[in-house]
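Taking it in order: structure first as structure tokens, then the write-up.
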Ligand SMILES: Cc1cc2nc3c(=O)[nH]c(=O)nc-3n(C[C@H](O)[C@H](O)[C@H](O)COP(=O)(O)OP(=O)(O)OC[C@H]3O[C@@H](n4cnc5c(N)ncnc54)[C@H](O)[C@@H]3O)c2cc1C
């Protein structure tokens, strides 16, 4: 057994790194993750460019704790550096039907601090690159950026704060005793163990290999996206969400996503899915219809079927083992928020709001 820390976080995705940064000033922290490199395996990294949108779904409803989530994300991006993460401000959500016009317009009326409604003539005058014949919700507080760059920035920041990293370490088992937890790993140099006072599992779809976590009845959804290079790139393009989503990058490509596949055998991207994604996003951005495909990626989102909210808490039957999961397709807003709230919840587990607390029935 090599080390002993107060908090051992397992998982190097958005949840793991956001949490590691926040807990670093409060306890000794080690983050162990099975990804051999920063840009591999974590589903967070497969979201090459992601959107942080506080008004989601067809009706543009605010996400859970939208204001605090935006504030937490903005603080994180300030710490990591907005240039470093290729940030584009604002998200445009074109309406696809007349009923949606009413819903999105209402959303802007209820949250004018987050979004504004633009009718079709306004969109075509100000944003001629966007096809929105029924108008669009302009979510000024939304933004998009490179998720792998954000992960890299968080990792560098967390290491600066004293977090110890064990990369290429795969958790195989753990056991609690009266004084702490012993976690067993397969590592590049053979089996090893870490000792900690508290174990925090931020495993994403890695939950599937552990019976105790299977009891949480989480659901995995495969998501694929495709990076394309259009022949022409009009000026001023921003992130769009509606018929799928598209995020412009500073290298002249766009990331177009994402599929929702509830049944899947593997995580290999498929060219048919890429073609569908491109066709769908072309309804909003007709100039990308014949774009060249330069990269395809797929990952898994983990959801909590009943609540569709994250899930946090001590694993049932355990005292020192916590789980942080269910970020679904809102990891960019939920991970910084949960990380900010976690220190209080670790002290007072009863204060976890019931919406996100672990419930087994
Ligand atoms: C295609 C796609 C597009 C997306 N787009 C967006 C978007 O636009 N906006 C948005 O907010 N969200 C988006 N998401 C969702 C977002 O990526 C997820 O919410 C986020 O990845 C969840 O982070 P996580 O840390 O919980 O899980 P993950 O990122 O999957 O991280 C889990 C980590 O645990 C590690 N791990 C697993 N098992 C073990 C083990 N036994 N031992 C050691 N390590 C282990 C993994 O290697 C990984 O590092 C998208 C997701 C996908 C797939």
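Percent of Cα pairs in region 132-249 per distance bin of 5 Å, from zero to the largest separation: 2, 7, 11, 13, 14, 14, 11, 9, 8, 6, 3, 1, 0. Reported to the nearest whole Å, the Cα centre-to-centre distance from region 119-154 to region 171-197 is 45.
Fewest neighbouring Cβ atoms within 10 Å first, the residues 247, 304 line up as 304, 247.
Take every DSSP beta bridge whose two residues both sit in the chain; close to 70 percent of them are antiparallel.
For the chain, just run the numbers: alpha carbon Rg, then divide by 2.2 N^0.38 Å, N being how many residues it has.
For the chain, the normalised Cα radius of gyration comes out at 1.00.
Once C-alpha pairs closer than 8 Å and six or more residues apart are averaged by separation and normalised to the residue number of region 174-287, the relative contact order reads 20 percent.
For the chain, the longest principal axis of the C-alpha atoms and the axis of helix 66-80 are separated by about 80°. Calculated mean residue ellipticity, 222 nm, the chain: -8000 deg cm²/dmol, from DSSP H runs (n ≥ 4) at -39500 (n - 2.57) each, averaged per residue and rounded to 500. Comparing 47, 258, 214 in a Gaussian network model of the chain, where Cα atoms under 10 Å apart are tied by springs, the biggest mean-square fluctuation is seen for 214. Extension gain for the segment residue 125 to residue 268, taken as residue separation times 0.36 nm less the Cα-Cα distance, is 47.4 nm to one decimal.
May I ask for the angle, rounded to the nearest 10°, between helix 98-110 and the longest principal axis of the chain, with both axes built from Cα atoms and the value confined to 0 to 90°? Long axis of 98-110 versus the principal axis of the chain: about 60 degrees.
The C-alpha atoms of the chain define a longest principal axis, and helix 271-282 lies at about 50 degrees to it.
Any chance you could check the Cα centroid distance between region 253-314 and region 80-106 for me, in angstrom? Between the Cα centres of region 253-314 and region 80-106 lies a distance of 17 Å. Peptides 191-198, 171-178 ranked from most to least packed by the mean count of surrounding Cβ atoms within 10 Å: 191-198, 171-178.
Where a number appears in this text, it was derived from the coordinates with a stated rule and is not lab data. Only a predicted model underlies this, so the values are computations on that prediction, with no experimental measurement involved. Don't worry about glycine lacking a Cβ; one is built from the backbone with ideal geometry, like all the others, and counts go over all protein chains shown.
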